1. When the residues of the range 111-152 are narrowed to those that are outside any helix (DSSP H, G or I) and at pLDDT 95 or above, which ends up surrounded by the fewest Cβ atoms within 10 Å (Cβ to Cβ)?
2. Hey, can you tell me all the residues within the range 63-80 that are open to solvent by less than 40 Å² (accessible area, probe 1.4 Å) and part of a helix (DSSP H, G or I)?
3. Hey, could you check the range 171-225 for residues that are basic (Lys, Arg) and part of a strand (DSSP E or B) and say which is farthest from residue 141 (Cα to Cα)?
4. Filter the range 153-172 down to the residues that are of a type in the set (A, V, I, L, M, F, W, C) and in contact (Cβ under 8 Å) with a residue 40 or more places away in the chain and list them by number.
5. Name the residue, out of 83, 87, 94, that is in a loop (DSSP other than H, G, I, E, B), touching a Gly at 6+ places or on another chain (Cβ under 9 Å) and surrounded by 13 or more Cβ atoms within 10 Å (Cβ to Cβ).
6. Of the numbered conditions (1) hydroxyl-bearing (Ser, Thr, Tyr); (2) surrounded by fewer than 20 Cβ atoms within 10 Å (Cβ to Cβ); (3) in contact with a helix residue (DSSP H, G or I) (Cβ under 7 Å, 6 or more places away or on another chain), residue 49 satisfies every one except a single condition; which is it?
7. Based on what the data block shows, is residue 22 aliphatic (A, V, I, L, M), open to solvent by less than 70 Å² (accessible area, probe 1.4 Å), in contact with a Leu (Cβ under 7 Å, 6 or more places away or on another chain) and modelled with pLDDT of 95 or more?
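The values are calculated or read from the model by the stated rules, or taken from the named source; none is laboratory data. For clarity, every value in this text was computed on a predicted model and none was experimentally measured. Backbone-built Cβ (ideal geometry, glycine too); neighbour counts: all protein chains shown. Just so you know, the surface numbers come from the protein's heavy atoms only, side chains and all, with ligands and any DNA or RNA stripped out. Shrake-Rupley method; radii C 1.70, N 1.55, O 1.52, S 1.80 Å.
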Amino acid sequence: MIEIQNIYKSYGNLQVLGGVSLSVGRGEIVAIVGPSGAGKTTLLQIAGSLDRPDSGTVSYDGTDITLLKERKLAEFRNRNIGFIFQFHELLPEFTALENVAMPGLIAGRKRREVLEEARELLTLLGLAERLDHRPSELSGGEKQRTAIARALINNPRIILADEPTGSLDSRNREEIHAIISRLCATRGHTFLIVTHDPTLASIAHRVVSMEDGRITSISRQTDSEEKFGESK
């Protein structure tokens, strides 16, 4: 579904990515691991169109998004890519329901339809009693579950997650791991995840190791393949 080909990226004299290529299949969980400074987040940002490469291509089902103008790129991003960050990035003045609905409203979808889907997603993630609560009234795990629902609201082709469990305690980390696994297995969602969390990486179908701006290895995890294979 996604083809990342020969990506180079530098900031000044510092080369952050040096010819990275990676493919991600539909309904797959791919984890990117490696030391800080390896280029993981930069690769994720380029895959998600938040940054542009110096050279190389990023294609979604044959559409090279590196060729799109800014307005078209923003529209593509809104409709095709969901984002989950280490810190939930919820808007503090809005309720959980409103935060989840926001990308759908930006996409120009009907308000009633978007709000109903936002309710369904929050209920699916165990937040039926928290719809009208603002972020300051939610726990850390509840905020991150709300952020996951927001990432799903436009039914994107892929969800990109940057350290989605990095700010959570062990109980909430396990909860998010289970949610990601369940979304992949039951709804067919695709995830590309940057993480330092080995337990989160263990649920992936493939683990991509990076160092010094390059991919050093890609390993397929048999247990994950057996666990999720029938749903793909």
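1. It comes out as 132.
2. Those that are open to solvent by less than 40 Å² (accessible area, probe 1.4 Å) and part of a helix (DSSP H, G or I): 65, 66, 73, 76, 78, 80.
3. 214
4. Once the filter is applied, which keeps residues that are of a type in the set (A, V, I, L, M, F, W, C) and in contact (Cβ under 8 Å) with a residue 40 or more places away in the chain, the range 153-172 yields 153, 158, 159, 160, 161.
5. Answer to the check: 87.
6. (2)
7. For residue 22, the condition - aliphatic (A, V, I, L, M), open to solvent by less than 70 Å² (accessible area, probe 1.4 Å), in contact with a Leu (Cβ under 7 Å, 6 or more places away or on another chain) and modelled with pLDDT of 95 or more - is not met.
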